[in-house]
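Heads up, the thing below is written out as structure tokens.
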Amino acid sequence: MNTRILNIASNTFREAVRDRVLYNLIAFALLMSGAAVLVGQISIDIERLVVINLGLTAVSLFGIVIAIFIGIGLVSKEIDRRTLYTILTRPVRRWEFIAGKFLGLAGTLTVNTICMAVGVFAALLYVSHKFQQSDAWILVALYFIVLQFVIVTALALLFSSFSSPLLSAVFAFCLFVIGSFSEDLRGFARMATGIQHWLATGAAYLVPNFSALNVISSVAHGQAVSSQLILYNTAYALTYTLMSLCASVLIFERRNLK
Amino acid sequence: MSAIEILGLEKTYSVGFWRKKLKCALKPLQLSVEEGEIFGFLGPNGAGKTTTLKMLMGLVYPTAGSARILGMEINDPRMKAQIGFLPEQPYFYDYLTARELLEYYGRLSGMASADRSKKVGEMIERVGLRDSADVQLRKFSKGMLQRVGIAQAILHNPRVIFLDEPMSGLDPIGRREVRDLVEQLKQEGKTVFFSTHILSDAEALCDRVAIINLGELLRVGSISELTANVRGKVEFVWHGKTIPAALNQLGAECHISGETVRAIVNEANQDAAFDVIRRQQLRLISFTPVRTSLEEYFVAQVKPNGASAGGGA
Amino acid sequence: MKGSPQVTLFAIALLVLSMACSMLLLRQLDKTRPVATLQETLFISSPKVLQRMSLGYSGLLADIYWTRAVQYFGGHHVAGAEHYNLLAPLLEITTTLDPHLLPAYEFGSSFLTAQPPNGAGMPEKAVELMENGIRNNPSEWRLYFNLGFIYYMELKNPNKAADAFIRGSKLPNAHPLLKVMAARMADAAGDTLTSQMMWKLTYDTSTDKLVRANAAAHLTALIVDAQVGELESVVARYQIVSGRTPATFSELVRAGMLMGIPIDPVGNPYILTPDGRVEVTDPDKLPFIKMGKPLGYKAPDLPKLPTD
């Protein structure tokens, strides 16, 4: 069972690499170098702030785009190319297929993020010539960003298992935007009354909480991230992802592959 | 124990978003295939061939009925280890080379690694892809893709092999190669179940065929049974260019080509035709019974919809 | 034969379990982040930059910041903060993104002005906010009223207050009391009746729950102040007439100086101390009172929030 899942995962990774996904790193590198050079010429004191804010935001956005664009095709492409039929007629269970595809994309994004992290730290070094103690928290911010990717991947896969690529992209993107404002959504829910209150509360609990995973600005100011937050965020990301994957498996199990 | 037992498999789809209409893709099907047979599943497009195959593969869930392959249930992984499947018009992973693709499938089929590389090499040789083994699949022609497809279907030495339209899109040489491969599989004692609408291939290869149209099974039997010479014709070939008028009255179809005439009459009129030819003193070259071709039989079964008799007339 | 039943059951069970866990964890996360830091709530603290970045969706963004302002204030208020540093920037951003969001101006007028722990204690910021509002909404009489209110109540500047009231009273739909209040500014400041008028107008014409509650509390306090003042003067008269301090209110009633035992607006009887002072029974229920506080009374300590 595990080897099959790992095989599917590594093949998904291979597909992403050969589809030249990792070329996005070039664009990212250009962006970071450009920013580092520009910022070095402007005012003092905020270079670190700008480099960290820009760098981490870019990592986050690039990754979300990749997660959505590859994620939505994870199942539908295999159906189009008829490859899914040759896989499921081997001793591979449907849920193993879903798990493998998920791990493959999540792994790709993690590798991508690690490469980008090197770029961010390089730009930081260039701009301020030395590291500070508080820069360690940047790693925590990056870890949270990877957790975001994991959730978005699971959601994109969920939509891919039953709807067309275009719709999947729209849904996944919407959930990402709403999820980034989920704390505000809960604020709306508290201020609303009657039906709107219940609807908003329901939505606020179902939508992924990306706002808690976004510590870019506080890390840019060199503030620490509490270990409690790290613990809860990790647990939350894992349980939410699990929820999404279970739903994917349930849908995929019952689907007629015409 | 039969290789394949289909017990009343049935599939109905509900179409439409608001008002669900029922569309029957396959009426309850009863069929069995013995081990070592080459079995052809014939029908025009949209007859229900692919639906049946997909239900056997566990890709589509039947509305009713069940099936067993090698005595095991459809979704049993042990059963899946013993079957191979080639879908219709596959593209595969175009970023992989043929060797990488087969390695991947081998791993998923649970082949041990030492054994695997050897088998993959053998398979590549067998389907004649030695020169393109390390070329990415995106550069493969249709015929080459089909060969890779067959390779992945038989890589893990399955007992039963399912092929969906294996000859589609192939040139005559490609078709010949696939035919030879299927013959070899039969020699090795494997069961082959394939669907096609190219009757000449079925005629050449199959031990038995089933004819299906509009979701309904029309006939099952060996080729010779189906084309038994009940409504047979006979063919006279003589030297010359004349066609006696009397022959036309017997309802003969005549073709003149060069210095010979060919006339085909119903068997019932065989003796009468002989008389005419003798009286005319035509120089008879040959006299052959013409069996109904599978194509004629097929068209007869399929074309007149309501009038298609279940039994051969 | 629809898929594997074991897998389906297991997946359903796992789905329900993880859904429950994720909801619990969400609540924990909320608690771990009760007060967003300045950087996070504002992220970009310059309103102008934010507006340019909002790509035309400034209305929605304004609503989001308005929600944050209310949540921020509500959260702090309950816990008893010493500072409300984020309130002014949040309201500034909100009103830059949507200059016509009147509730934001009203909220700022009440709670930027009020002293901690009830508000930010920044009346100058409140004045700035009002002036901004007037510039963008010149025909909203309430904004002029709020401006005058702040000048009178908190900044003790009756001239500027009068100015504001007069400007407001000139509007076609202005509340008639604006003219009256302008006139009263000429008289002495600290006049209870004027204060009462202003709080009552706020209470009557506002739609915001918090603002009305605040106004009601102030009105109640004014009533108490007046009542305590009156009661103490009755006690003084009794002292002059009878030559001694009355022990209870009943004595005053018997002497015909009081109609009955006096009750305060929250329903508790007033207390007459041995040295002739009048006190309220439960001062916690009557914030903002100036008279009638028991000696040595200190407002209760609310749990402190981390400063932002």
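The values are calculated or read from the model by the stated rules, or taken from the named source; none is laboratory data. Everything numeric here is computed off the predicted structure, so don't read it as measured data. All Cβ positions, glycine included, derive from the backbone under ideal geometry; neighbour counts span all protein chains shown.
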| said: Can you find, within the range C:268-291, the residue that is surrounded by the fewest Cβ atoms within 10 Å (Cβ to Cβ) among those that are modelled with pLDDT under 85 and among the basic types (Lys, Arg)? | reply: C:LYS290
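State whether the residues of the range B:107-117 include one that is within 26 Å of B:ILE173 (Cβ to Cβ) and either more than 8 Å from chain A (Cβ to nearest Cβ) or small (Gly, Ala, Ser) (or both). Please lay out each step first, then the result.
Start the filter on the range B:107-117 by keeping residues that are within 26 Å of B:ILE173 (Cβ to Cβ), which leaves none.
Scanning the range B:107-117 turns up no residue that is within 26 Å of B:ILE173 (Cβ to Cβ) and either more than 8 Å from chain A (Cβ to nearest Cβ) or small (Gly, Ala, Ser) (or both).
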| note | The condition from (1) on the phi < 0 side of the Ramachandran plot; (2) in contact with a Gly (Cβ under 8 Å, 6 or more places away or on another chain); (3) surrounded by fewer than 22 Cβ atoms within 10 Å (Cβ to Cβ) that B:SER113 misses is numbered (2)
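For the range A:49-57, does any single residue satisfy the condition of being within 25 Å of the chain's Cα centre (by Cα), more than 9 Å from chain B (Cβ to nearest Cβ) and not in a helix (DSSP H, G or I)? Steps first, answer last, please.
Residues of the range A:49-57 within 25 Å of the chain's Cα centre (by Cα): A:49-57.
Adding the requirement that they be more than 9 Å from chain B (Cβ to nearest Cβ) leaves A:49-57.
Still in the running and not in a helix (DSSP H, G or I): none.
So far as the range A:49-57 goes, no, none of its residues is within 25 Å of the chain's Cα centre (by Cα), more than 9 Å from chain B (Cβ to nearest Cβ) and not in a helix (DSSP H, G or I).
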| Residue count, the range C:146-175 (criterion: free of Cβ contacts under 8 Å to residues at least 40 places away in the same chain and either of a type in the set (Phe, Trp, Tyr) or not in a helix (DSSP H, G or I) (or both)) | 11
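Within the group B:GLY189, B:GLY174, which residue is in the same structural domain as B:LEU96 (by TED's automatic domain parsing), under 17 Å from the mean Cα position of the chain (by Cα) and surrounded by fewer than 23 Cβ atoms within 10 Å (Cβ to Cβ)?
On the way: B:GLY189 fails: under 17 Å from the mean Cα position of the chain (by Cα).
Checking each option against the conditions leaves just B:GLY174.
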| task | Quick one: in the range A:68-108, of everything that is under 26 Å from A:CYS174 (Cβ atoms) and β-branched (Val, Ile, Thr), which residue is farthest from the chain's Cα centre (by Cα)? | result | A:ILE79
| task | Of the conditions (1) modelled with pLDDT of 90 or more; (2) within 20 Å of A:LEU158 (Cβ to Cβ); (3) more than 7 Å from chain C (Cβ to nearest Cβ), A:CYS246 clears all except one; give me its number. | result | (3)
| field | C:LEU178 under 31 Å from the mean Cα position of the chain (by Cα) and either assigned to a helix (DSSP H, G or I) or farther than 30 Å from C:TYR105 by Cβ (or both) | value | yes
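Which residues, counting only those in the range B:69-88, are more than 7 Å from chain A (Cβ to nearest Cβ) and out of contact with any strand residue (DSSP E or B) (no Cβ under 9 Å at 6 or more places or on another chain)? Even if it seems obvious, please write down each step before you answer.
Our first condition is that a residue be more than 7 Å from chain A (Cβ to nearest Cβ); within the range B:69-88, this holds for B:69-76, B:78-79, B:82, B:84, B:86, B:88.
Listed by number, the residues that qualify are B:MET72, B:ASN75.
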| query | With respect to the numbered conditions (1) assigned to a helix (DSSP H, G or I); (2) more than 30 Å from B:LEU155 (Cβ to Cβ); (3) of a type outside the set (Asp, Glu); (4) in contact with a Lys or Arg (Cβ under 7 Å, 6 or more places away or on another chain), which one is the sole condition not fulfilled by A:LEU157? | reply | (2)
| Going through the range B:108-131 one residue at a time, which ones are part of a loop (DSSP other than H, G, I, E, B) and farther than 10 Å from B:LEU155 by Cα? | B:GLY110, B:ALA112, B:VAL127, B:GLY128, B:LEU129
| Out of the range A:189-210, which residues are at the interface with chain C (Cβ under 9 Å from one of its Cβ atoms), assigned to a helix (DSSP H, G or I) and not aliphatic (A, V, I, L, M)? | A:ARG190, A:TYR205
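Can you confirm whether A:ALA122 is surrounded by fewer than 23 Cβ atoms within 10 Å (Cβ to Cβ) and closer than 30 Å to B:PRO90 by Cα? Steps first, answer last, please.
Numbers: surrounded by fewer than 23 Cβ atoms within 10 Å (Cβ to Cβ): yes; closer than 30 Å to B:PRO90 by Cα: no.
Criteria not met by A:ALA122.
Given the criteria aromatic (Phe, Trp, Tyr), in the same structural domain as B:VAL135 (by TED's automatic domain parsing) and part of a loop (DSSP other than H, G, I, E, B), does B:TYR105 qualify? Talk me through it step by step, then tell me what you get.
On the way: aromatic (Phe, Trp, Tyr): yes; in the same structural domain as B:VAL135 (by TED's automatic domain parsing): yes; part of a loop (DSSP other than H, G, I, E, B): no.
Judged against the criteria, B:TYR105 is not a match.
I need the full set of residues from the range C:193-246 which are polar (S, T, N, Q), part of a helix (DSSP H, G or I) and closer than 30 Å to C:HIS175 by Cα, in order please. I'd like the intermediate steps shown before the answer.
So in the range C:193-246, the residues polar (S, T, N, Q) come out as C:194-196, C:202, C:205-207, C:214, C:220, C:227, C:233, C:239, C:242, C:245.
Now restrict to residues that are part of a helix (DSSP H, G or I): C:194-196, C:202, C:205, C:214, C:220, C:227, C:233, C:239, C:242.
C:THR194, C:SER195, C:GLN196, C:THR202, C:THR205, C:ASN214, C:THR220, C:GLN227 - these are the residues of the range C:193-246 that are polar (S, T, N, Q), part of a helix (DSSP H, G or I) and closer than 30 Å to C:HIS175 by Cα.
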| query | In the range B:94-110, which residues are surrounded by 21 or more Cβ atoms within 10 Å (Cβ to Cβ), within 12 Å of B:VAL148 (Cα to Cα) and not aliphatic (A, V, I, L, M)? | reply | B:TYR105
| Given (1) more than 12 Å from every other protein chain (Cβ to nearest Cβ); (2) assigned to a loop (DSSP other than H, G, I, E, B); (3) touching a helix residue (DSSP H, G or I) at 6+ places or on another chain (Cβ under 6 Å), number of the condition A:LYS130 does not satisfy | (3)
| query | Across the range C:118-145, what is the total count of residues that are more than 18 Å from C:ASP98 (Cβ to Cβ) and touching a residue at least 40 places away in the same chain (Cβ under 8 Å)? | reply | 2
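Please tell me if B:SER66 is surrounded by fewer than 16 Cβ atoms within 10 Å (Cβ to Cβ), within 13 Å of chain A (Cβ to nearest Cβ) and over 23 Å from A:ASN11 (Cβ atoms). Spell out the reasoning first.
Working: surrounded by fewer than 16 Cβ atoms within 10 Å (Cβ to Cβ): yes; within 13 Å of chain A (Cβ to nearest Cβ): no; over 23 Å from A:ASN11 (Cβ atoms): yes.
Against the criterion (surrounded by fewer than 16 Cβ atoms within 10 Å (Cβ to Cβ), within 13 Å of chain A (Cβ to nearest Cβ) and over 23 Å from A:ASN11 (Cβ atoms)), B:SER66 does not qualify.
Take the conditions within 13 Å of chain B (Cβ to nearest Cβ), assigned to a helix (DSSP H, G or I), more than 24 Å from the chain's Cα centre (by Cα) and not hydrophobic (A, V, I, L, M, F, W, C) and apply them to A:THR12. Does it pass? Spell out how you get there, then give the answer.
Numbers: within 13 Å of chain B (Cβ to nearest Cβ): yes; assigned to a helix (DSSP H, G or I): yes; more than 24 Å from the chain's Cα centre (by Cα): no; not hydrophobic (A, V, I, L, M, F, W, C): yes.
Against the criterion (within 13 Å of chain B (Cβ to nearest Cβ), assigned to a helix (DSSP H, G or I), more than 24 Å from the chain's Cα centre (by Cα) and not hydrophobic (A, V, I, L, M, F, W, C)), A:THR12 does not qualify.
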| Taking B:MET79, is it within 21 Å of the chain's Cα centre (by Cα) and buried (at least 17 other Cβ atoms within 10 Å of the Cβ)? | no
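For the range C:1-107, please list each of the helices (runs of 4 or more DSSP H) lying entirely inside it that holds at least 1 residues being at negative phi, within 14 Å of another protein chain (Cβ to nearest Cβ) and at pLDDT 80 or above. Please lay out each step first, then the result.
On the way: elements: C:5-32, C:38-42, C:47-53, C:58-79, C:87-97.
Here the list reads C:5-32, C:58-79, C:87-97.
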| query | Are any of the residues in the range A:131-143 in contact (Cβ under 8 Å) with a residue 12 or more places away in the chain, under 30 Å from A:VAL37 (Cβ atoms) and of a type in the set (Gly, Ala, Ser)? | reply | yes
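Do you know which residues across the range C:236-267 are touching a Lys or Arg at 6+ places or on another chain (Cβ under 8 Å) and either within 19 Å of C:LYS293 (Cα to Cα) or loosely packed, with under 14 Cβ neighbours inside 10 Å (or both)?
Pass one, the range C:236-267, residues touching a Lys or Arg at 6+ places or on another chain (Cβ under 8 Å): C:257, C:266.
Within the range C:236-267, just C:VAL266 meets the criteria.
The rows are residues; the columns are (1) more than 9 Å from chain C (Cβ to nearest Cβ); (2) outside any helix (DSSP H, G or I).
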residue	(1), (2)
A:GLY187	no, no
A:ALA212	no, yes
A:VAL225	yes, yes
A:THR239	no, no
